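The values are calculated or read from the model by the stated rules, or taken from the named source; none is laboratory data. Because the structure is a prediction, the values reported are computed rather than measured. Backbone-built Cβ (ideal geometry, glycine too); neighbour counts: all protein chains shown. Keep in mind that these areas ignore ligands, DNA and RNA; they rest on the heavy atoms of the full protein, side chains included. Shrake-Rupley method; radii C 1.70, N 1.55, O 1.52, S 1.80 Å.
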Amino acid sequence: GGRNRRLLTDGGARILLSGAVEATRPHLRHYQNAALKPDFIEQLKRQFDEFSAQCVDPDDLRRLCGDLPDAELGDKLCDLSLLYAAYLARIGEGALCAQFALDAAVELLWEHNIFDRTDVFITHFKGFTPQELSAVERMLASGSEVTVSLLADPFGDAEGVFSAALHTAERLRQSADG
């Protein structure tokens, strides 16, 4: 886990990302020129934060990039895969990045049943990310009493504004039953 690692600040993450961009730039097909622009690092950081929240890894992107009929999109995904792998390698060498703190917490939840015989109440206004779902599912598996409150209209359109919350509720029901 990340118990004995220092937390990497946003500034530190940008520095590591700059190093990853510099190291991979000669190998980039689509983003080689964009990598020189001042806002490129910030855009990548936001994208990589989203990848982390959705549990996407560089191998997922690499598998997709060759299978796309649109060559430009394939080049973009290949570049993102290369950049993301280089960034993750740099994070792995040092401090824990904030975006991976939840992963470390879930790992600890699996190692230690800290929610045993505990009542847990969670309120959320939309669906959970895969990272968050993993934490809640671990709490459910621990034998604790878990109550989740989601903002939704159970009688409304299943694909409407509350669809993420309704899908999350169904997944949590299945996890609780299974």
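Computed quantities for the displayed model
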read-out: Any pair with Cβ under 7 angstrom, 6 or more apart, that starts in region 112-140 at a residue that is open to solvent by 40 Å² or more (accessible area, probe 1.4 Å) and ends at one that is in a loop (DSSP other than H, G, I, E, B) and aliphatic (A, V, I, L, M); value: F125/L151
read-out: Evaluation of P38 against (1) of a type outside the set (S, T, Y); (2) over 30 Å from F128 (Cβ atoms); (3) in contact (Cβ under 8 Å) with a residue 12 or more places away in the chain; (4) surrounded by fewer than 15 Cβ atoms within 10 Å (Cβ to Cβ) (one fails), failing number; value: (3)
read-out: Region 46-65 residues that are on the phi > 0 side of the Ramachandran plot, paired with ones that are open to solvent by less than 80 Å² (accessible area, probe 1.4 Å) and of a type outside the set (S, T, Y) (beta carbon under 7 Å, 6 or more apart); value: C55/P130; C55/Q131
read-out: Among residues of region 133-163, those that are assigned to a helix (DSSP H, G or I) and in contact with a strand residue (DSSP E or B) (Cβ under 8 Å, 6 or more places away or on another chain), counted; value: 3
read-out: Set Q32, Q43, Q47: member being part of a loop (DSSP other than H, G, I, E, B) and at pLDDT 90 or above; value: Q32
read-out: Filtered residues of region 66-79 (kept if open to solvent by 20 Å² or more (accessible area, probe 1.4 Å), touching a residue at least 40 places away in the same chain (Cβ under 8 Å) and within 22 Å of S18 (Cα to Cα)); value: D75, K76, C78
